[in-house]
1. Identify the residue in the stretch 365-387 that is among the polar types (S, T, N, Q) and without any contact (Cβ under 8 Å) to a residue 60 or more places away in the chain and, among all such residues, is surrounded by the fewest Cβ atoms within 10 Å (Cβ to Cβ).
2. Taking the conditions exactly as written (more than 28 Å from SER371 (Cα to Cα), among the hydroxyl-bearing types (Ser, Thr, Tyr) and under 19 Å from the mean Cα position of the chain (by Cα)), does THR563 satisfy them or not?
3. For the stretch 411-423, check the following and say yes or no: at least one residue is modelled with pLDDT of 95 or more, among the β-branched types (Val, Ile, Thr) and either within 20 Å of the chain's Cα centre (by Cα) or open to solvent by less than 20 Å² (accessible area, probe 1.4 Å) (or both).
4. Going by the structure shown, is GLU118 open to solvent by 40 Å² or more (accessible area, probe 1.4 Å), outside any loop (DSSP other than H, G, I, E, B), touching a residue at least 24 places away in the same chain (Cβ under 8 Å) and more than 28 Å from PRO518 (Cα to Cα)?
5. Can you confirm whether the stretch 437-446 contains a residue that is free of Cβ contacts under 8 Å to residues at least 24 places away in the same chain, outside any strand (DSSP E or B) and either open to solvent by 50 Å² or more (accessible area, probe 1.4 Å) or more than 25 Å from PRO505 (Cα to Cα) (or both)?
6. Hey, MET156 hits all of (1) open to solvent by less than 80 Å² (accessible area, probe 1.4 Å); (2) closer than 22 Å to ALA312 by Cα; (3) at pLDDT 80 or above but one; which does it fall short on?
7. It is to be established whether one or more residues within the stretch 529-537 are touching a residue at least 12 places away in the same chain (Cβ under 8 Å), closer than 18 Å to THR290 by Cα and under 18 Å from the mean Cα position of the chain (by Cα).
8. List every residue pair whose Cβ atoms sit under 8 Å apart, with the two residues 6 or more apart in sequence or on different chains, where the first one lies in the stretch 179-199 and is on the phi > 0 side of the Ramachandran plot and surrounded by 10 or more Cβ atoms within 10 Å (Cβ to Cβ) and the second, anywhere, is charged (D, E, K, R) and modelled with pLDDT under 95.
Amino acid sequence: MAILRQAELKSTGLECRSCSCTQHPGRPAASSHPGAGPGRRGGAALLGANRQPWSRSGCGAAWAPRSGEAVKYLTETLESLNEEEFEDVIDKIIDAVEKQPLSTNMIELSTVEAAVQECSQALDETIKNVFNIIGAFDIPRYIYNPDRKRFVPLSMTNLPVPNLFGTARDKAELFRERYSILQQRTHRHELFTPAAVVIHPDDNRSKFQLKTVETLLGNTAKVREVIVLGMITQLKEGKYFLEDPTGVVQLDLSKAQFHSGLYTESCFVLAEGWYEDEVFHVNAFGFPPTEPSATTRAFYGNINFFGGPSSASVKASAKLKQLEDENEDAMFVFLSDVWLDQAEVLEKLHTMFSGYSSAPPTCFFFCGNFSSAPYGKNQIQSLKGSLKALADIICEYPSIHKSSRFVFVPGPEDPGPGSVLPRPPLAENITQEFRQLVPFSVFTTNPCRVQYCTQEIIIFREDLVNKMCRNCVRFPSSSMDIPNHFVKTILSQGHLTPLPLYVSPVYWAYDYALRVYPVPDMLVIADKYDPFTVTNTDCLCINPGSFPRSGFSFKVFYPSNKTVEDSKLQGL
């Protein structure tokens, strides 16, 4: 036992200097070290006269740095702290030391320096993680591995680094990844998960089992009551098919009932029906079930799917959550179609800034299009002048100029490389003068992501509602409830544009930047459709509407209590 215990102690990278436990007979008692009394957290002991820091393992062993240099460094670093702060900091330093790969069983100066630096960075990282704008091309890519049943980073796969000029493989992977994400999510849903222990024979009868297209094609006899997860495609004019990674089967939709949602080509569905004579006769179409973010993270841990400077998901940070709750004055203002070339729009912005000057919002989010006339040889020069006019208005209100941030998300008709998503920011030569006049401004991609404390927000500027309605396989019977149909479709698909690529082009290798998985806290779809606010699967989905077309309406979001306020500038 003594040999095993010594091997264990050496593996920690610390050397036992004294111990009173039974594994080390003949050693002087740990109490001979000043401050090594009981009640310390595995843990720090405060030494008396020279305030030498010691750490102890659970058995009571005391440890010391290898050289006087390490002791001197710690003493100089920590001498300004009072007793309570000292103990807390020592605990953190010891935790940091234990995380490091130590080359010897003694603590060296370099190890202590690295531990102190890590502890000092903790607060800086918390501050750095409070508010971040994440561009679409900076989002990390994770691939679902069905064998390990885990998401792995791109670096752990054989896939190449994303490139704007995608290959045929990228196009195939695009749909395969969409499918695998929805499949693993559906398999975990209670309706598709058989009980581990069947207490009653009827327990599993209410469960459903997903089949693949391949299992249908392999049958010559009639297959009754089957559910298949696949993508709706139209391989022949007027004939719809269901496709998954294993094959394609023709659909008969003559008796199909459609549950709520907007069913378009290239969206994934759960098709229920029977198979006979190489045709899948559909009784009902439904979307894959959605899953709250908390459920996803409980299964996959603190992977940072969202992006940003934090190595782990910000959802796990108690400090950020505390900051979020305490900062009740935080306020985000969302506007879409900010036509800066219209005098009336600039006048209304003037009025809005005047109203907010006494209590500046945390951030203004301006979504394009930034010109009412998006085409013409003078478009770029005109946009430069319009941004300069906006900057001059902002500078008239010093409180807003100093306190608020401004984020610009380009629209589909703003100057850029075309309509392919994700869309890069407005060119630097257009925004340079504005950024000099308004330093706290960010021109980002479309879509983009915003991380505020523990909250995750996705912003997407696209006239998507009408586009999806036009491409429906069958339009919903209740046209009055389009926003709810729309939001359910986006969250169920786990993607911002569940449309054919010829309707909504995407850079194949960057399709992952359009994912809505795990479900964010808030989804902002800046659309010219009428403003709406819908909550689904613990996700707040809003559309601020077109600022000039909707009577100068916009949305205000309060992160501390996750509420949205409808606002409008009327007759001012």
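The values are calculated or read from the model by the stated rules, or taken from the named source; none is laboratory data. Keep in mind the model is a prediction, meaning the values are calculated, not measured. Ideal geometry is used to build each Cβ from the backbone, glycine not excepted, and the neighbour counts take in all protein chains shown. Heads up: the accessible areas ignore ligands, DNA and RNA and are worked out on the full protein's heavy atoms, side chains in. Shrake-Rupley method; radii C 1.70, N 1.55, O 1.52, S 1.80 Å.
1. ASN378
2. Numbers: more than 28 Å from SER371 (Cα to Cα): yes; among the hydroxyl-bearing types (Ser, Thr, Tyr): yes; under 19 Å from the mean Cα position of the chain (by Cα): no.
In short, no.
3. No.
4. Criteria not met by GLU118.
5. Scanning the stretch 437-446, I find at least one residue that is free of Cβ contacts under 8 Å to residues at least 24 places away in the same chain, outside any strand (DSSP E or B) and either open to solvent by 50 Å² or more (accessible area, probe 1.4 Å) or more than 25 Å from PRO505 (Cα to Cα) (or both), so the answer is yes.
6. Here MET156 clears every test but (1).
7. First pass over the stretch 529-537, keeping only residues touching a residue at least 12 places away in the same chain (Cβ under 8 Å): 529-534, 536-537.
Still in the list and also closer than 18 Å to THR290 by Cα: 534, 536-537.
So of that shortlist, the ones also under 18 Å from the mean Cα position of the chain (by Cα) come out as 536-537.
Checked the stretch 529-537: at least one residue is touching a residue at least 12 places away in the same chain (Cβ under 8 Å), closer than 18 Å to THR290 by Cα and under 18 Å from the mean Cα position of the chain (by Cα).
8. none
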